[in-house]
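See below for the structure under consideration.
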Amino acid sequence: MSALSDPSGVPQRPWWRRSLMLSALLPLLLLGVLLAIIVTTQTGLGDRTAPPIEELTINRITLPVANQLVVNVTNGGPDPVTVAQVQVDDAYWMFEITPNKTIPRLGSATITLPYPWVQDEPHLVTIITTNGVTFAHQLAVATRTPSITIETVGRYALLGIYVGFIPVSLGLLWFPVLRRLGRSGMQVILSLTIGLLVFLLVDTLAEAMDVIADTAPIFGGSSLVLMVTLISCGFLMTLGRNRTQIPPSRLQLAYRIALGIGLHNLGEGLAIGAAFASGSAALGTFLVIGFTLHNITEGIGIAAPLTRERPSMAHFVGLAALAGLPAVLGVWIGGFIYNTVLTALFLALGAGAIAQVIYEVGYLLYRQSNDDRTPLFSKAVFGGFVAGVGIMYATALLVTA
């Protein structure tokens, strides 16, 4: 058998590779032995005398039919939790729980109560464990949870189109106006785009933090949101450069902006669908107008990098669909199968994508400043950035979900 060589030219024989593999596995084997000793001896501290640590999270309360209330719960604590009683509005009620009254660590259960809930009235649900620990959840407005029907799917899809696809398409209609701007005007528009994206980044992270706060702490809370955001941003940054480190074209950058905005709108649709399904928001003309005005500026941000190109109409349709149609999917998921952890993860992915395109647009602004021999940090650039943040903030005030 011939000897192998590493890059330094030192011969490396197969037996040496086997020895290296054993050296790598040895710490893992010893770790397994240590864990076995800890489990079998209970860490040497004797029998546990402290009471169990119970942590139960009420994920969602639904009202599928009249006189029925369904509660979904998750055990996020280190010990099993046994449900003993359930109160609704301070009165004890008979209930059924599946799969079992004792919920294991990281397990979930569904509690069904024959309760005569009152339309548009609030109800307080309290779960009591065998150890007397209580977990309460307020149902703000009682309304029947929509079932999956062709009519409901169509109405939710229309809502997503109203708040996502149409506003982005209207914003893209400003493309001919943007093309007529001079070099200084383009700097303002690019900095305005950065301002829009920065607002979306902060808004998306804030929404993710609010959502993850309602989940079981064992899932990681805000740390999970931040880690997924960083991983998402890093992954897209890795894909954003080829081997020659050539930055993306302006059309590619526009698609990346649309992708980031689309993920944001997906999370927005999740929140909207969940709000309407639970009855905590009313679908009215003012709400649709508010979302339209808030999201129309997203189309400007997508069109800004394209002002020196002449993309075909098919590209504009694709950009509007990529940025706006995820809102439809979000409304469907939020309205029918809402899950807080899933929602937080989608929002974190969107935040990472937005952070990546902020870097790309900023780099484009830097290159354009070098080409035009103009200062990067000028009053016009700063004013455009502030205007972008201000526009998004002002239109966000019109959205009351």
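The values are calculated or read from the model by the stated rules, or taken from the named source; none is laboratory data. From a predicted model like this one, the values you see are computed outputs, not experimental measurements. Neighbour counts run over all protein chains shown; Cβ positions are idealised from the backbone, glycine included.
Taking the criterion of being small (Gly, Ala, Ser) and either within 30 Å of Tyr156 (Cα to Cα) or touching a Lys or Arg at 6+ places or on another chain (Cβ under 7 Å) (or both), would at least one residue in region 360-382 satisfy it?
There is no residue in region 360-382 that is small (Gly, Ala, Ser) and either within 30 Å of Tyr156 (Cα to Cα) or touching a Lys or Arg at 6+ places or on another chain (Cβ under 7 Å) (or both).
For the subset of region 357-385 comprising residues that are part of a helix (DSSP H, G or I), free of Cβ contacts under 8 Å to residues at least 24 places away in the same chain and not charged (D, E, K, R), which member is surrounded by the fewest Cβ atoms within 10 Å (Cβ to Cβ)?
Asn370
Tell me, please, whether a residue that is in contact with a strand residue (DSSP E or B) (Cβ under 6 Å, 6 or more places away or on another chain), hydrophobic (A, V, I, L, M, F, W, C) and not in a strand (DSSP E or B) can be found in region 120-141.
no
Would you check if there is a residue in region 388-399 being within 14 Å of the chain's Cα centre (by Cα) and either in the same structural domain as Leu263 (by TED's automatic domain parsing) or assigned to a helix (DSSP H, G or I) (or both)?
No.
Looking only at region 88-139, count every residue that is more than 19 Å from Gly76 (Cβ to Cβ), surrounded by 13 or more Cβ atoms within 10 Å (Cβ to Cβ) and not aromatic (Phe, Trp, Tyr) and tell me the total.
Total meeting the criteria: 6.
Has region 59-81 got any residue that is small (Gly, Ala, Ser) and farther than 28 Å from Phe276 by Cα?
Looking through region 59-81, at least one residue is small (Gly, Ala, Ser) and farther than 28 Å from Phe276 by Cα.
Mind checking which pairs have a first residue in region 193-218 that is in the same structural domain as Pro305 (by TED's automatic domain parsing) and a second that is hydrophobic (A, V, I, L, M, F, W, C) and not in a helix (DSSP H, G or I), Cβ under 9 Å, 6 or more apart or different chains?
Pairs that qualify, where the first residue is in the same structural domain as Pro305 (by TED's automatic domain parsing) and the partner is hydrophobic (A, V, I, L, M, F, W, C) and not in a helix (DSSP H, G or I), are Asp214/Ile58; Ala216/Leu56; Ala216/Leu106; Ile218/Leu106.
Determine whether region 63-78 contains at least one residue that is more than 25 Å from Gly335 (Cα to Cα) and assigned to a loop (DSSP other than H, G, I, E, B).
Yes, region 63-78 contains at least one residue that is more than 25 Å from Gly335 (Cα to Cα) and assigned to a loop (DSSP other than H, G, I, E, B).
Pull up region 305-332, narrow it to residues that are buried (at least 20 other Cβ atoms within 10 Å of the Cβ) and not hydrophobic (A, V, I, L, M, F, W, C), then point me to the one that is nearest to Leu364 (Cα to Cα).
Here the answer is Pro305.
Give me the residue from region 115-169 that is among the polar types (S, T, N, Q) and more than 28 Å from the chain's Cα centre (by Cα) and, out of that set, farthest from Ala66 (Cα to Cα).
Only one residue tops the list, namely Asn131.
Got a sec? Which helices (runs of 4 or more DSSP H) wholly within region 166-237 have at least 1 residues that are of a type in the set (S, T, N, Q)?
Because the criterion is at least 1 residues that are of a type in the set (S, T, N, Q), the helices (runs of 4 or more DSSP H) in region 166-237 that meet it are 166-172, 183-212.
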